[in-house]
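Since the structure comes first, as structure tokens, the remarks are kept for the end.
Where a number appears in this text, it was derived from the coordinates with a stated rule and is not lab data. Being a predicted model, the structure only gives us computed values, none of them experimental. Note that we place each Cβ from the backbone using ideal geometry, even for glycine, and neighbour counts take in every protein chain shown.
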Amino acid sequence: MTLPLNTILHGDCVEMLNSLPAHSVDLIFADPPYNLQLQNELHRPNMSKVDAVDDAWDQFDSFSAYDDFTQNWLVACKRVLKPSGTIWVIGSYHNIFRVGAILQNLGFWILNDVIWVKTNPMPNFRGVRFTNAHETLIWASSKQGARYTFNHQAMKGLNDEKQMRSDWWLLPLATGAERLRDEDGNKAHSTQKPAALLYRVILAASQPGDVVLDPFFGSGTTGAVAKCLHRNWIGIEREEKYIRLAQQRIAAVKPEPFDEYAFDVRSKKKIAPRVAFSKLLENGYLQPGQKLYFQADPARSATIKPDARLRTSDNFEGTLHQAARHYAGDAPCNGWEHWFYKQGDEFYKIDKLRAKYRGSNIKGA
């Protein structure tokens, strides 16, 4: 079956997901019903009514019913997700802990929980609780140990060249000109997410040309941002009024022409010609018997063997990356970033030697 790229599928998300080929999607962003359990109307101190989320699609008879619903759509998502793909799910305290437990039970591997701190949250008008000023996103890979896309350098670029943290500030609610409204001036969709939030998610976890799927498409924010970033997208939505809204919105997006080099945000180290660790040894940049230091820690050293393997001070033997994983407690670990050599009293990353080798003799790599 050919994927229905850049299309909104009308229907139940589980049925539509099950109609797609297995392992065909690179990234999933899901904004499911939160099951807010609102009991009564909300009013401000001046007694004006709050336009709260009271749509039928957000209402479930019980926690058990909500869990069954969540289990079903996550199973369907897992089937269409590529082994190298990831899923993001957003929620509030009403549902995100239940979603997280089901994700883990299904074999997804949680990479991060990201806190979206709202700059303009709705106050708690009754003053009986703290103002709920954040939502939580769970980012997960298809299984433990799976390879996945993470554009680390792109996130640093969005964060003043500092490693981006898991608390995302200065991202406001979708208000003002961004908020889509109907003919009467009311919110066209009660839970529209800001484009800035989807921009980070899609830029972080996909590449141009990848397929981004949203099983609860709503007002189409995922599709609009994916189109802007030259990703393919698939939306699933059961409400016709939202489909019309999203189609109009996405049609109005006019991205800049695609330029492979302009849109490539991968680390330059990842796209640079590969250099085997053995090349540094064979070409005299490092010596057999020389010591390397994990994270510049003299207590965690390793000796370079003539065959380019490392033998650690506690007698583990393996490749550059395997030895790094050993000291990192078996966590994923790039040896080029964590092994240091010593020159005089100073420690330097061995990646410095790799860069030097590339510059002087890359044809032999």
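Taking the Cα centre of the chain as the origin, how large is its charge dipole in debye, to the nearest 20, when only Lys and Arg (+1) and Asp and Glu (-1) carry charge on their Cβ atoms?
I would put it at about 1660 debye.
Report, ordered by chain and residue number, the aspartates and glutamates lying within cross-link reach of LYS356, taken as a straight Cα distance under 16 Å and ignoring same-chain residues fewer than 8 apart.
Within the straight-line cut-off, LYS356 pairs with GLU282, GLU337.
Where in segment 199-285 are there GluC sites (Glu not before Pro) that are in a DSSP coil and have at most 12 other Cβ atoms within 10 angstrom of their Cβ?
Here the GluC sites (Glu not before Pro) that fit, given the DSSP loop and packing criteria, are GLU260.
Segment 85-181: which GluC sites (Glu not before Pro) are DSSP loop and have at most 14 other beta-carbon atoms within 10 angstrom?
Answer in residue order: GLU161.
Using alpha-carbon pairs under 8 Å, 6+ residues apart, how would you state the relative contact order of segment 272-364 in percent?
RCO, segment 272-364: 23 percent.
Using a Gaussian network model of the chain whose springs link C-alpha atoms within less than 10 Å, name the residue from LEU171, LEU137, LEU158 with the highest mean-square fluctuation.
Highest fluctuation among the options: LEU158.
Can you flag which of LYS279/LYS305; LYS162/LYS193; LYS156/LYS279; LYS156/LYS254 are past 21 Å Cα-Cα? Don't jump to the answer; show the numbers that get you there.
Working: LYS279/LYS305 13 Å; LYS162/LYS193 25 Å; LYS156/LYS279 30 Å; LYS156/LYS254 26 Å.
Beyond 21 Å between Cα atoms: LYS162/LYS193; LYS156/LYS279; LYS156/LYS254.
Of the chain, which part is the longest with no chymotrypsin sites (Phe, Trp or Tyr not before Pro) in a loop (DSSP not H, G, I, E, B) and with at most 12 other C-beta atoms within 10 angstrom?
Maximal segment without exposed cleavage sites: 262-365.
For segment 71-91 and segment 249-322, compute the distance between their C-alpha centroids and round to whole Å.
Each part's Cα centre sits 30 Å from the other's.
Under a cut-off of 17 Å between alpha-carbon atoms, report the aspartates and glutamates in cross-link reach of LYS227, not counting same-chain residues fewer than 8 places apart.
Partners found: ASP26, GLU178, ASP210, ASP214, GLU256, ASP259, GLU260, ASP264.
Where a ≥ b ≥ c are the square roots of the eigenvalues of the C-alpha gyration tensor, would you call segment 65-104 rounded, which needs a/c under 1.5, or, failing that, prolate if a/b is larger than b/c, or oblate?
Oblate.
Given axes a ≥ b ≥ c from the Cα gyration tensor, I'd like to know whether segment 272-357 is rounded (a/c under 1.5), prolate (a/b larger than b/c) or oblate.
Note, shape of segment 272-357 comes out rounded.
What are the trypsin sites (Lys or Arg not before Pro) within segment 265-350 that DSSP puts in a loop, where the Cβ has at most 14 other Cβ atoms within 10 Å?
ARG266, ARG274
Largest first and to the nearest Å, give the Cα extent of the chain along each principal axis.
Cα spread of the chain along its principal axes, largest to smallest: 76, 47, 36 Å.
What residues have an amide H closer than 5 Å to that of ILE236, excluding those fewer than 5 places away on the same chain, when H is modeled at 1.01 Å from N in the peptide plane?
Placed amide hydrogens put LEU9, ASP214, PHE216, PHE217 under 5 Å from ILE236.
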